[in-house]
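Colleague: Okay, here's the structure, questions in a sec.
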Amino acid sequence: MTLDLHKLEHLVAVAEEGGFTRAAERLHLSQQALSTSIRTLERYVGVQLLVRGHQHVAPTPAGQALIDDARALRAQAHAALERARRVGRGQAGHLRIGHTPAVTAEEVIDLLTRARTEEQGIQAHVRQLFPDELRDQLLTGACDLGLSRSMPADTGLTRARIAEHRLRVAVPAGHPLAAHPVLALADLSGEPLTVWGESGSSAYTDLLIGLCRQAGVEPDTQRNPVQGTPPITAVSATGRIAFVTAPPGPAAGGAAQVIDLDPPVHVPVHALWPAHTTCRDRDVFLSRAGDFPGGTAG
């Protein structure tokens, strides 16, 4: 008997739904058929995969390990199918890039220009996605490449640091700090800081908080109520300061002032892509990433 990918899908569904009833509905199977499928899989693997309770079903450690790998296998299968379809439709030479809001569209264009993708006959299709959306699209093959500041590489994804940008501080025009030619992180003590995700649920927020703490500052962070817009807009939308990677000087139509940090602080750009998949255009982009300032491809 070979490993049945359908049975892996059944296991994932039961774990995600927390029980057989909802999983069976999701899979359009009877509960009996689903239960039989899971028991057959457990016999094949040789260990118990699920703990069956009266109210809830949860994976065992072995089951969770298999579920993690099953999701990665599913991602690779989706990506392979999508690539075959695109080649069959004559769409080779298209690189689909998703980027989180922390990486601006201008920064993505700069990376593509440095990589000289147009000279290689590569058409880039760029769109902004929130981290969870980007992760899903990478795992389902809807995106070839993701760009983020600090998103972790979950099971099924590969990550490489390809560039870095200088971090700066944006303050509202008229703010006492706006008159400073440069700022140190220590100067931000006591200033409410706008971030785009809650600490503990946003890797980029955790990175920024960590930088502040290294400078001896415990930041007063508040989540931006306006999501999905360029980072510089956080200042005009909230009246609070924010970390940005925009050039120094007036910004947001004069509503904000961007100020250099001294000593300089840099934040990474990470590329993420589905592990164990092939994409010639992505490889071209990544092969040139080491030429970027601070880039370390691979």
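The values are calculated or read from the model by the stated rules, or taken from the named source; none is laboratory data. Values in this document were obtained by computation on a predicted structure and should not be read as measured data. Neighbour counts are summed over all protein chains in view; Cβ atoms, including those assigned to glycine, are modelled from backbone coordinates with ideal geometry. For accessibility, only protein heavy atoms count, side chains too; no ligands or nucleic acids. Shrake-Rupley method; radii C 1.70, N 1.55, O 1.52, S 1.80 Å.
Colleague: Looking at the chain, send over the antiparallel percent of its DSSP beta bridges, to the nearest 5.
Modeller: Roughly 60 percent of the beta bridges in the chain run antiparallel, per DSSP.
Colleague: Taking the Cα centre of the chain as the origin, how large is its charge dipole in debye, to the nearest 20, when only Lys and Arg (+1) and Asp and Glu (-1) carry charge on their Cβ atoms?
Modeller: 840
Colleague: OK, next. If you take the beta carbon distance between Thr155 and Ala237 as r and set R0 to 51 Å, what does 1/(1 + (r/R0)^6) give as a FRET efficiency, to the nearest 0.05?
Modeller: Once the sixth-power term is evaluated, E becomes 0.90.
Colleague: Run through the DSSP bridge list for region 164-266 and note the antiparallel percent, rounded to the nearest 5.
Modeller: The antiparallel fraction comes to roughly 60 percent.
Colleague: Related question: Could you tell me which of Leu286, His78, Ala15 has its Cα farthest along the dipole of the chain towards the positive end, charges placed at Cβ (Lys, Arg +1; Asp, Glu -1), taken about the Cα centre?
Modeller: Farthest along the dipole direction, towards plus: His78.
Colleague: Rounded to the nearest 0.05, what FRET efficiency do Thr2 and Gln48 have when you use their Cβ-Cβ distance and R0 = 30 Å?
Modeller: 0.90
Colleague: Let me ask something additional. Using r as the Cβ-Cβ distance of Arg22 and Phe130, and R0 as 22 Å, what FRET efficiency do you calculate, to the nearest 0.05?
Modeller: 0.30
Colleague: Further question on the same structure: Of Val57, Ala256, Gly174, which is farthest along the charge dipole of the chain in the positive direction, counting Lys and Arg as +1 and Asp and Glu as -1 at C-beta?
Modeller: Positive-end residue among those listed: Val57.
Colleague: How charged is the neighbourhood of Pro264? Take every other residue with its Cβ under 10 Å from the Cβ of Pro264, and add Lys/Arg as +1 and Asp/Glu as -1.
Modeller: Net charge in that neighbourhood comes out at 0.
Colleague: At 1.4 Å probe size, with the rest of the protein present, what percent of the exposed accessible area of region 5-87 is carbon and sulfur atoms?
Modeller: That fraction is 54 percent.
Colleague: Sticking with this structure for a sec: I'd like the projected area of the chain, averaged over all directions, using the convex hull of its alpha carbons. Report it in nm² with one decimal.
Modeller: Its average projected convex-hull area is 19.2 nm².
Colleague: What does the charge dipole of region 164-266 about its Cα centre add up to, to the nearest 20 debye, if the Cβ of each Lys and Arg holds +1 and the Cβ of each Asp and Glu holds -1?
Modeller: 200
Colleague: Largest first, how would Val258, Val284 line up by accessible area (1.4 Å probe)?
Modeller: My answer, sorted largest first, is Val284, Val258.
Colleague: OK, next. Out of region 159-204, which trypsin sites (Lys or Arg not before Pro) are coil in DSSP terms and have no more than 11 other C-beta atoms within 10 Å?
Modeller: none
Colleague: What's the angle, to the nearest 10 degrees (0 to 90), between helix 105-115's Cα axis and the longest principal axis of the chain?
Modeller: Compared with the principal axis, the helix lies near 80 degrees.
Colleague: Turning to a different aspect of this structure: Can you give the convex hull volume per residue for the Cα atoms of region 164-266, as a whole number of Å³?
Modeller: 92
Colleague: Taking the solvent-accessible surface of protein heavy atoms with a 1.4 Å probe, what is the per residue accessible area of region 164-266 in Å²?
Modeller: 45
Colleague: Per-residue ellipticity at 222 nm for the chain, helices alone: DSSP H runs ≥ 4 residues times -39500 (n - 2.57), over residue total, nearest 500 deg cm²/dmol?
Modeller: -11500 deg cm²/dmol
Colleague: With θ taken as phi - 60° and the coefficients 6.51, -1.76 and 1.60, list the Karplus ³J(HN,Hα) couplings across region 173-181 in order, rounded to whole Hz; mark glycine and proline as x.
Modeller: 4, x, 5, x, 6, 5, 7, 6, x
Colleague: Distance from the Cα centre of region 117-138 to that of region 215-266, in angstrom?
Modeller: 25
Colleague: At 0.692 mPa s and 37 °C, plugging the Kirkwood radius over alpha-carbon pairs of region 5-87 into Stokes-Einstein gives what diffusion coefficient in µm²/s?
Modeller: Estimated diffusion coefficient is 247 µm²/s.
Colleague: Lys and Arg at +1, Asp and Glu at -1: add these up for the other residues within a Cβ distance under 14 Å of Glu118 and post the number.
Modeller: Once all neighbours under 14 Å are counted, the net charge is 0.
Colleague: On to the next question. Over its Cα atoms, what ratio of radius of gyration to 2.2 N^0.38 Å does region 31-138 give?
Modeller: Against the compact-globule rule of thumb, the ratio is 1.59.
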